[in-house]
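The values are calculated or read from the model by the stated rules, or taken from the named source; none is laboratory data. It should be emphasised that the depicted structure is a prediction, and the values quoted were computed from it without experimental measurement. Every residue, glycine as well, gets a Cβ built from its backbone with ideal geometry; the counts of neighbours run over all protein chains shown. Protein only, heavy atoms only, side chains kept; ligands, DNA and RNA dropped before computing areas. Shrake-Rupley method; radii C 1.70, N 1.55, O 1.52, S 1.80 Å.
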Amino acid sequence: MTQTTYAGLLDLAAGAFLLTAVLIVWRRELRAIVRLLAWQGMALAAIPLVEGIYQGDRAIVTVGVIVLVLKALVLPILLGRVVGTEDQERRESTPLVNTTASLLITAGLTVMAYAVTRPIIALDPTEATRAVPAAFAVILIAVFVMVSRRRALSQAVGFLMLDNGIAATGFLITAGVPLIVELGASLDALFAVLVLGVLTGRMRRAFGDTDLDQLRELRD
Amino acid sequence: MNILLMVPILAPLVAALLAALLGWRRLTASVTVLAALSVLVSASAIGLRIGSGAQFGVWRVLRADALSITMLIVIGTVGTLATWASVGYINAELAQGHTNRKGANLYGVLVPVFLSAMALAVLANNIGVMWVAIEATTVATAFLVGHRRTRPALEATWKYVVICSVGIALAFLGTVLLYFASLHAGASSETALDFDVLLHYAPQLDPAVTRLAAGLLLLGYGAKAGLVPFHTWLADAHSQSPAPVSALMSGVLLSVAFSALLRMKSIIDLALGTGFMRTGLLIAGLLTVLIAASLLVVQTDFKRMLAYSSMENMGLVAVAAAAGTELAIAALLLHVLAHGIGKALVFLAAGQLQAAHDSTAIGDVTGVLARSRLIGTSFAVGLVILLGLPPFAMFASELSISRAMAGAHLEWALGLALLLMVVAFAALVRNGARMLLGSPDPGSPAIVVPRSVGGALVTGVILSLALGLAAGPFPLLFHNAATALGAPR
Amino acid sequence: MSALSVVAAALQVVGVLAVAPLVVGGMRQVRARLEGRAGGGIGQPWRDLRKQLRKQQITPTGTTLVFALAPAVLAGSTLLIAAIVPIIALGSPLDPVADLFGVVGLLFLGTVALTLAGLDTGTAFGGMGSSREITIAALVEPTILLAVFALSVPGHSANLAAIVSGTARNPGQVLTPGSLLALVALVIVIIAEAGRLPVDNPTTHLELTMIHEAMVLEYAGPKLALVEWASAMRLTVMLALIANLFLPWGIAGAHPTVFAVLLGIVAVTVKVVALASLLAAGEVFIAKLRLFRVPELLAGSFLLALLAVTASYFLAAAPV
């Protein structure tokens, strides 16, 4: 793999990663955003796979495969199963911020991400770190999605997107953290999703549906 | 030494395994209590061995220094009290129908896992492993908070999991950025996340990247410690969970998360100078105390009141950490230990009040001292501890914190914090008096205290008195911990 | 610039004039065949134009010069764009003014002319169409600017010929995230600007769903012919522009030979026909968006264009 091919593929992966995040903000149906999350997982896994193949490092390629299986297959399937149990509630009720404004806010967050990550690129100007602003933008967009959605599952998708963004940042700036930490982080993400899934089920049984606006008994 | 280091982590895991296999019964609950006690005992043994140095074990994955010993003592003490009380508490819940067999089994498994995760968090040498352990505590406590399966409990669990997971994710990003900076300062990739290696390379870390990492770490671990701005889960989670779990979370988990922040602070101070973290901790700490004190005034639910009191104490601890001198760190560790035991005491007593009245409203509870001497006295003692009155240890710790802050030229912050603490003091006294003193309303239910809860309460009172009256080996331990963190005199 | 490039530029104008109705006819035919109908044949728009040109000119009372001049302004601006934009060959005589801002300005001039004409009629439908059209234009113009700007970043020049020759020299440029995002944004923009599904249905007869058609309801006879012709030319020019920005093979250079010019004609014809067919086939499967959802779509394409600009600035591949 030549260096330009490597840079091009890495940029494509980072670009696709950011694009899926934008599309998750754009679409409102739960099935669609879970599917987009699977695509995002694939774009995320492409980053360590490309890096591993270019550098000939088998450990990084293994991590890439694990990420692919976990984030592009297992987690979306788990979420999809929880979504499947909701029938008429497929469509997100009006989010707190309408779609046009959300998209314009996303544009602002992307620009902010580029500003914030300048010191990182300055410290280590390789092809990989130049794609970090895309990953950072996904982190900011994920926080925005968690804040502006009403359904429990949309918040769960936002949380997984946050996790994906942080993993992407890790892969881009350091070719991943040590394996033990990556494994621990992935397991924690898996458990967190399981917990959220179970909680969503309980919420539906207790409240009737999973609209988070109903959770307002605890307040001062 | 390796084995001794692994005991605090493995012993509770063994108890959890036993509980998973056999379900909730006297045997497994007692084994859990023994496991918590073993954490305390092994911590003391390690502490006697290492003195003021640090000891590594298990291929440098684990590290024991004075700070980890201190935190292990907190975990062990409060853990023993809470697990001991759990025996009677859960049996009473089963009898009253608030939970079923499955719920009790889940409780029996998750509490020791929780203890083990906290032990790993304070013993880890690799800050990545420390992060994994703290995230594991969130996952372990999620279903503990929702133990009762009521609607408010579910709401509290959702908020807790979502907010803490977001915070912890930000802390992970900070950890990754720190790893990046450490690699560029020259550390090798296998050890770049080790605490001692980071301390060594700290002066060469790139300032801009470290500043970004420090902000994220402060936000992330601050979320688990209940600091503003990610504090909104605290009152809900601590009030909805069963009393022993509230004791553990309020008394220990917040402090464990804060100890992680203290470790990060020592690295960041070497890289950026003390200014950045001092400002950050001051802002977060003062805002936390402000919000906690304000909300304490309007409380009508006594468990939420206790939760806000925890938040206020964590804010004070953050402000003390901002001062950063050796005296400040030693004082805040004493504060953490005393607060842990006191909070456990008061939460366990509150749990019995909740069991008796089936509600946590302050208005529903009157004349407790007249109705039950045990619960009334322990609740009163707990409140006195939280108010920071002598002869209990929090008086000494708050005095030392004030001296340390004055010494660090933070008099204005001290004044502000003291003012807010007076507000909190007044609120606690008013609510406490309303609940404890006077004659009870006719028709108030009888307060039944299971034996294990009673035992835990009495032990808690004795321990607090002992800690307050005689410092024992603790001052030396706390000062060693402050030195281990690199605090200036 | 040689004589042959002047000839090429003239050929561009003539070609667009002649071919545009055929492009529209072709799109209608593709749609008809996919929907199982026989269709009117590719030459039907020409037959319609001939019919309308022979009719008597009618002007509604109360309209002013704006109404009378708008079709001419629309057609004129579109022909000027056809002369400027590199369709058959680079290096047209108008090359110095062939930059991004000029082209976008001319596009907007045409849009505004028709919008004002719709208002000028004083009818309810005219006003409704005009207000909808200008809402769309407000979101579309910045997007075109940003998207083509994103394409111009690697070459450091906003001159369209420079962008196209840069892409011709370095075809891998098209596969960068910046280019791809710009492509998606431009496709959405073309659909909106030319009034195709899912933004606007060109074959609808229901006035309340119309955007473009509502503005031209009062036109009849030769002026209507001119308006329809100009709209077809706009679509053709924009398709040719996209084709040459992203797939510039076959375009003749700045000093072309006769053979190169002929090759350029063939290449652009093939590309435009292919794109038009794709567009028409896509239209068969898409339903028209409800009007309040259209700003969402356009805001999304604006965001994609913005991302394209940032991506091409910051994800610049290492220099070869």
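What translational D, rounded to a whole number of µm²/s, comes out for the protein assembly as shown from Stokes-Einstein when the hydrodynamic radius is the Kirkwood one over Cα pairs, at 20 °C and 1.002 mPa s?
Values: Rh = 32.0 Å.
Calculated translational D: 67 µm²/s.
Dividing the helix sum by the residues of the protein assembly as shown, where each DSSP H run of 4 or more adds -39500 (n - 2.57), gives a mean residue ellipticity at 222 nm of -25000 deg cm²/dmol.
Just round it to a whole percent: the fraction of Cα-Cα distances in the stretch A:3-210 exceeding 33 Å. It would help to have the intermediate numbers written out before the result.
Working: 3015 of 21528 pairs.
Distances greater than 33 Å cover 14 percent of the Cα pairs.
Legend: residues B:ASP65, B:ASP206, A:ASP220, sorted from most to least accessible area (1.4 Å probe; ligands, DNA and RNA excluded), read A:ASP220, B:ASP206, B:ASP65.
Given contacts defined as C-alpha pairs under 8 Å and at least six residues apart, what's the relative contact order of the stretch A:1-86, whole-number percent?
Values: 77 pairs, mean separation 26.3, N = 86.
Relative contact order, the stretch A:1-86: 31 percent.
Expressed in units of 2.2 N^0.38 Å, where N is the residue count, the Cα radius of gyration of the stretch B:2-484 is 0.91. Over all Cα atoms in the stretch C:3-315, the spread is summed up by Rg and Dmax: 19.0, 58 Å.
The alpha-carbon atoms of the stretch B:343-439 define a convex hull whose volume equals 95 cubic angstrom per residue. When the listed pairs C:LYS223/C:LYS271; B:LYS159/B:LYS303; B:LYS224/B:LYS343; A:LYS71/C:LYS288; B:LYS224/B:LYS303 are checked against a 25 Å cut-off, the alpha-carbon distance exceeds it for C:LYS223/C:LYS271; A:LYS71/C:LYS288. Which of rounded, prolate or oblate describes the stretch C:211-320 when judged by the alpha-carbon gyration tensor and an a/c cut-off of 1.5? Cα axes put the stretch C:211-320 in the oblate bin. Counting Lys and Arg as +1 and Asp and Glu as -1 over every other residue whose Cβ lies under 13 Å from the Cβ of C:LEU34, the net charge comes to +2. Shape index of the stretch C:177-234: Rg/Rh, with Rg the Cα radius of gyration and Rh the Kirkwood radius from the inverse mean 1/r over Cα pairs, equals 1.10. Each other residue within a Cβ distance under 14 Å of B:PRO152 adds +1 if Lys or Arg and -1 if Asp or Glu, for a net charge of +3. Taking the Cα centre of each part, how many Å lie between the stretch A:137-169 and the stretch C:267-309? The stretch A:137-169 and the stretch C:267-309 have Cα centres spaced 28 Å from each other.
What is the distance in Å between the Cα centres of the stretch B:442-475 and the stretch B:1-60? Cα centroid to Cα centroid, the span is 24 Å.
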